[in-house]
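The values are calculated or read from the model by the stated rules, or taken from the named source; none is laboratory data. Please read all numbers here as calculations on a predicted model, not as lab measurements. Every residue, glycine as well, gets a Cβ built from its backbone with ideal geometry; the counts of neighbours run over all protein chains shown.
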Amino acid sequence: MVLCTCSESNSGTLVIFGEITITDVAELKALFLQHLHSKEAVQLDLLNVTKLDTSGVQLMLALRRAAAELGKPVHWLGYSLAVEEVLNLLNLAEELGGPAAVVWS
Amino acid sequence: MDLSLARSGLVQEARELLRDMEKALLEIEAQGSSPETINAVFRAAHTIKGSAGLFGLTLIVGFTQLLESVLDLVRSGRRAVDDAFMTTMLDCADYLDLLVDAIEQGTESVDPEPTLRHALMAKLRVLLAANSISIVPVTPTKLLPRKGLRPSLRSELAHWHISLRFSPEVMKRGMDPLSFIVYLRSLGEIVYLHTLTSDLPPLEKLDPELSCLGFEVGLSTSSDQETLERAFEIVREESEIRILPPRSSVAEYLRLIEDLPNDQQLLGEILVAAGALNEEQLHEALLLQQSLKSGPQRLRLGEVLVQQELVPEKVVAAALSKQQQVDERKVQEQRIVKVEASKLDLLINLVGELVIASEGARTTAARAKSTELVEALAKMKGLVENVRDSALNMRMTPIGDVFQRFPRVVRDVAKELDKQIQLSISGAEAELDKSMVDRLADPLLHIVRNAIDHGIEPVAERIARGKAAQGNLRLHAYHESGCIVVEVSDDGRGLDPERIREKAVERGLVAANAQLSTGEIYQLLFLPGFSTASQVTHLSGRGVGMDVVKRNVEQLRGEIELESDVGHGTTMRIRLPLTLAIIDGFQVAIGRTVFVIPLDAVVECVDMVTAQASQNIINLRGSPLPYLRLRDVFGIAEANNQRESLVVVSYGQQRVGLVVDRLLGDSQAVIKPLGQLFRGIKAVSSSTILGDGSVALILDVHALVATALNAAHMGPARRETTQLVDERKEAS
Amino acid sequence: MTQLAISALPSGEPTAELGSTQYLTVLVGDEVFALPIGSVREVLEFSGMTAVPTASPVVPGVVNLRGAVVPVLQLSARFGRAASEISRRTCIVVAEALFDDGVQPIGVIVDAVREAIEVEANRIESRPPFGSGIRADFVSGLLRLQNGFVVVLDMKNVLSVPELEHAAI
C-alpha cells in the first residue's frame, strides 16, 4: 500500500498526498533534490499530508536550508492540520516560514 | 513509535506492574489502606499509562487516565476505601490485563471487552463525580516566535527544563523523538520548546533514518522526577537526556550549557530567557572559564561559580549530590539484568556440550596414562562444574513467582463459593528451574481450586463439626533430596476412601469387588474419567481432571502424592527434580550397560561379598539394609567376573542398597530425556551421553527404593543376612 | 555412527500417482520390505544400542544420534517375529514419528539395507499380501518387481506412537 504520493502540478508545485514519515523520506528527498535543482523556486503543497514524523521534519528543514544556500525561495502552499500541529509543537513555524498565498506561475 | 520492536518489553513491563497493582490492592483489602499501598497502586497505573502513551495505545491510556484520577482521590484522602470500591479496582486491574493480552497478540486497537469497559468506566466516573472533581483539560501549546522570548519568563524558573539529545540511531529502533515531545505535552504545559538544528546535514547527505535534532523544553507539570525519567527510560542509554527540576541551582544550568558545547551560545540564551540564570552570571562564568582554560586545572563551571562566590557552596554541593544519587541509582539498576530466555537456553546447551566434552577429555587422558594431563583435566572439571552451576543457577527462579497469583485466586474462588479461607504461603523463596515454573502453575491452580471446592467445607458445616469458621489452606515449598516439594494442604473434609471407591465403581473404573488399599484408592482420583464434565474449572474454562494434573507433573519428571485424614484434611504433595538439565552422577556398570545414579542420592559404596538370590536384606555394620541386585531386577544376562559392589542410596529418610557389577566413578551428566516411548519404565528416569558417545541410563532412585522396600517386606519369612567382610568407602 | 553411501534423503511425500516413486528396500529376517523414501531421514550402520531394562522387545532401547537420544524400534519384533542376530549388515533406518511433542526421529533396526529403487507408479498394487503374516494395516501396497512382489510398509501405522508406547513386554 502506497502511503505517500508526490506529483507535480501544471504550475510546477509539488503536491504531496499521504504521510511524510521515515519510510517515505528517502524517496521524497530524491524528488525534492531534483525539484530544487530544476526550478527557480520550490513550491510545496502539504495540504493533504496526513502524518509527519521527526524524519519528515528533518527533511523539510534540510530542504529549506538547501534552497537558501542556492538562493532560491521555498513556498509552502498550505499545511494540513497534521503538519501544522507538529510544526507548532516543535516551534518551527517561523524557521520554515508559514503558508504563503497561493502562487500561480 | 514503532510498537513492533518494543512489544514484548512493553507487555512484560505492563504485566509486572499489574501484578504489583494487584498485590497492593489485596493488601489494602486485607489490612486496610496505607499511604504506601495506595501509592503503589497509583504508581502502577500511572506508569502503565505513561508507557502506553508513548505508543499511542489509546485504549489503555484512556482507561488508566480515569482510573488514575479516581486513585488520586484516595491518595489525597478525599475518598475512603470500601468493599465495593476494592472490587471495582480489582475488576479494573483484570480488564487492564485483558488489554495487555491484546497488545501481546497484536490486536491492541480492538477492545476485547467493550461492554466491560463501558461498565467499569461508568463506575469510575460515578466515583469521581461523587467528589465533584473536574478533570482539567490540557492547554494547547502556543506558537512562540523564536527570538524575543517573553520577558515575563525572565523571573525565576518555575518549570522543568528538559534537554533532549537523542542518539542518531533512535529512529532505527522504532522510536520517534516527536512522540516523546507529544508525551511531555500530555503531562502538563510546554512553556517553551526550542528545536536545535545545528546537526542537520545538507539535503543530499540527509539520512532518513538518523535523528539529528535536539530539543530544549520547558515543561510546567505536576509530575515528579521519576515519572519524567521513566518516560525516557527506553532511550536513556544512548541518548543525552537531562531533566532539571524547577528552581534548580544556577550551577546546574551552567553545567548543562557546558556539557552541550555545540549549542552553548544558544543554550545560554535560552536559559537566560527562561529565567534560569541571568545574563551577568552566564557572562561572568563563561569568561572565567575561558581564562582558566590555559591554567593548570580546568575547573568545572559550577566550581568556577563557587570560587567567585556567585553561588553558595551549599547549592553546588546539593547539585553534586543530586548527581551522585543519579549515579547510584544507575548502579542499582544495573544489578538486575534482563536476559532473553532463549539466550539462557543457548548458554545451558553450550554448557551441556562443555560438560560432555570435558568428560570425554578426562576419559582420553586416563587412557593416555599421563598424570599431568589427568591433573590438568581434573582442575578443568572443577571449573566446568562451577560454570555449569552458575549457568543453571541463572535459570533458577523462586517458586514465589507461581505462588504470588494465589492470594487473588483464593480470594475470588472463596467469594464465589461463599466460603471463608485463610491462605498461608511458606517457602516462596525455594527455587526451581525457570522452565518448570510456568508449567507448574496450571496443575497447582487446579489442586488449589479442588481444595477450596471439595476440600474446605462451607462455614455452617465447619462450625457444626466443631471447626473454626475459617478454613485453612497452606501452600508450602521446600527442597529435599535434590528435589523441590510443593505441598497444598487444607483442613477440610479430607478424602473418604469409601466414597471414592463407590464413585470409581460407578464410573466403571474398578470392579465392584476389587480389593484396594487406601493408597490405591487415592490413586483412582488420577484416572481419566474420574472427574465429571460438570466440574469445569472456572479458571481455565475447560474441564480439567486430576489425570491431566498428574500428566503435567509427570511431564516435569515429577511425582504427586496424596495424604489425607477423613474429616480433618488433605495434603497433596508434588515432588519435582530441581533441574531438567545437568546433574552430578555416579557411574556404575551392569553387564555392558552403564548406569548413572544421581550423586546426591549416593551415601556410600561397599564391596559385596556373597549374594544369595533370595536375599532382600543385608547387614551393614549391624543394621539391616534392604537391597536389590540390579542385574536380577533388569534381567541382564551377561556374565560378570568381578566382585560385585553395593551402592547405598537414599531417598528421603529411607536407605536401600543397589548391587551392581562395577563402580566407575563420578561424572557430570547432561540429562537427555528418554522420551514418550519409555514413559512407563520405572527404574530408569532418563539418559545421558557419555564421553565416548554411548548412552548411559539414569536410575530413578525413588522407584528403586520403593521396589527394594517392597521386596524386603514381601520376602520369604526367613530372612538371612549376609555378613560383610570387607568395606571400602567410596563416596565422593 | 557411520553413514552408508546412501545420503540423507529429501523430505516430503513421495510423488503420488504421477510418474515414479522411490523406495528403500530392506531385509527383515529373510524377507524384503520397501519403505517410501519420504519416510526415511538417513541410514546408519548399527554400532550398538543401549538396552533400556524392562523395555518391550519392540522398542528395546536407544541410540545416540548426534547428541540426541533416539529410541530404536526392532522391526522384526514389531511384526511379531523373533529378533534376528545382530550382524555386520544390521542397520538403523532413521525415520520420523508423531509424538506428543511433535515429529521426532526414531530408529528402525533392520537386518540389512539393500538399495534405493525408483519404480513407475503403475507397478504399485494394492492387493493384500498373503502368507507374510504381517498386520494388514502395516501394508500400504505391493511392489511388482522383476523377481516377485515386495511389501510396501505403511510407516505411519508401523510407527504409531500410541501403539509403541503400550507395546506389551
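Below is a table of values for the structure above.
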item: Pairs where the first residue, in the stretch B:190-206, is facing chain A (nearest Cβ under 7 Å) and farther than 13 Å from B:PHE166 by Cα and the second is part of a strand (DSSP E or B) and of a type in the set (D, E, K, R), C-beta under 8 Å, 6+ apart; result: B:LEU193/B:GLU216; B:HIS194/B:GLU216
item: Check on B:ALA639, out of contact with any Ser or Thr (no Cβ under 9 Å at 6 or more places or on another chain), over 20 Å from C:ARG66 (Cα atoms), of a type outside the set (Val, Ile, Thr) and assigned to a loop (DSSP other than H, G, I, E, B); result: yes
item: Residue match in the stretch B:103-112 (condition: closer than 20 Å to B:ALA231 by Cα and at pLDDT 80 or above); result: yes
item: Every residue from the stretch B:653-711 that is within 22 Å of B:GLY635 (Cα to Cα) and among the charged types (D, E, K, R); result: B:ASP661, B:ARG662, B:ARG679, B:LYS682, B:ASP700
item: Residue in the stretch B:76-85 that is in a helix (DSSP H, G or I), more than 20 Å from B:ALA6 (Cβ to Cβ) and touching a helix residue (DSSP H, G or I) at 6+ places or on another chain (Cβ under 6 Å) present; result: no
item: Helices (runs of 4 or more DSSP H) (entirely within the stretch B:246-298) containing at least 1 residues that are of a type in the set (A, V, I, L, M, F, W, C), modelled with pLDDT under 70 and buried (at least 17 other Cβ atoms within 10 Å of the Cβ); result: B:250-259, B:279-293
item: Test result for B:ARG507, surrounded by fewer than 16 Cβ atoms within 10 Å (Cβ to Cβ) and among the charged types (D, E, K, R); result: yes
item: Residue count, the stretch B:178-189 (criterion: at the interface with another protein chain (Cβ under 9 Å from one of its Cβ atoms) and closer than 21 Å to B:ALA274 by Cβ); result: 2
item: Any pair with Cβ under 7 angstrom, 6 or more apart, that starts in the stretch B:1-23 at a residue that is closer than 12 Å to B:ARG173 by Cα and ends at one that is assigned to a helix (DSSP H, G or I) and hydroxyl-bearing (Ser, Thr, Tyr); result: B:MET1/B:SER179
item: Output for the stretch B:484-525, where each listed residue is part of a loop (DSSP other than H, G, I, E, B) and among the hydrophobic types (A, V, I, L, M, F, W, C); result: B:LEU495, B:LEU509, B:VAL510, B:ALA511, B:ALA512, B:ALA514, B:LEU516, B:LEU525
item: Subset of the stretch A:66-88 [facing chain B (nearest Cβ under 7 Å) and either surrounded by fewer than 22 Cβ atoms within 10 Å (Cβ to Cβ) or in a strand (DSSP E or B) (or both)]; result: A:ALA66, A:ASN88
item: Flag if C:SER126 is small (Gly, Ala, Ser) and either in contact with a Gly (Cβ under 6 Å, 6 or more places away or on another chain) or more than 30 Å from B:ARG679 (Cα to Cα) (or both); result: yes
item: Residue in the stretch B:187-198 that is closer than 19 Å to B:PHE55 by Cα and assigned to a helix (DSSP H, G or I) present; result: yes
item: Considering residues of the stretch C:38-53 that are within 14 Å of another protein chain (Cβ to nearest Cβ) and in contact with a helix residue (DSSP H, G or I) (Cβ under 7 Å, 6 or more places away or on another chain) only, the residue surrounded by the most Cβ atoms within 10 Å (Cβ to Cβ); result: C:VAL52
item: Those residues of the stretch B:536-578 which are modelled with pLDDT under 85 and assigned to a loop (DSSP other than H, G, I, E, B), in sequence order; result: B:THR537, B:HIS538, B:LEU539, B:SER540, B:GLY541, B:ARG542, B:VAL544, B:GLY545, B:LEU556, B:ARG557, B:GLY558, B:LEU578
item: All positions within the stretch B:20-34 that are buried (at least 17 other Cβ atoms within 10 Å of the Cβ) and in a loop (DSSP other than H, G, I, E, B); result: B:SER33
item: Failed item in (1) without any contact (Cβ under 8 Å) to a residue 24 or more places away in the chain; (2) under 23 Å from B:GLU233 (Cα atoms), with B:ALA84 passing the rest; result: (2)
item: Residue match in the stretch C:54-62 (condition: among the polar types (S, T, N, Q) and within 12 Å of chain B (Cβ to nearest Cβ)); result: yes
item: Verdict on B:LEU98 being in contact with a helix residue (DSSP H, G or I) (Cβ under 9 Å, 6 or more places away or on another chain), more than 22 Å from B:ILE234 (Cβ to Cβ), among the hydrophobic types (A, V, I, L, M, F, W, C) and at pLDDT 85 or above; result: yes
item: Qualifying residue in the stretch B:705-716 (condition: crowded, with 19+ Cβ neighbours inside 10 Å, under 38 Å from the mean Cα position of the chain (by Cα) and at pLDDT 85 or above); result: yes
item: Options B:ALA14, B:ALA40: the member that is in a helix (DSSP H, G or I) and over 15 Å from B:GLU104 (Cα atoms); result: B:ALA40
item: Answer residue from the stretch B:339-387, given it is free of Cβ contacts under 8 Å to residues at least 12 places away in the same chain and outside any helix (DSSP H, G or I) and is surrounded by the most Cβ atoms within 10 Å (Cβ to Cβ) among those; result: B:SER370
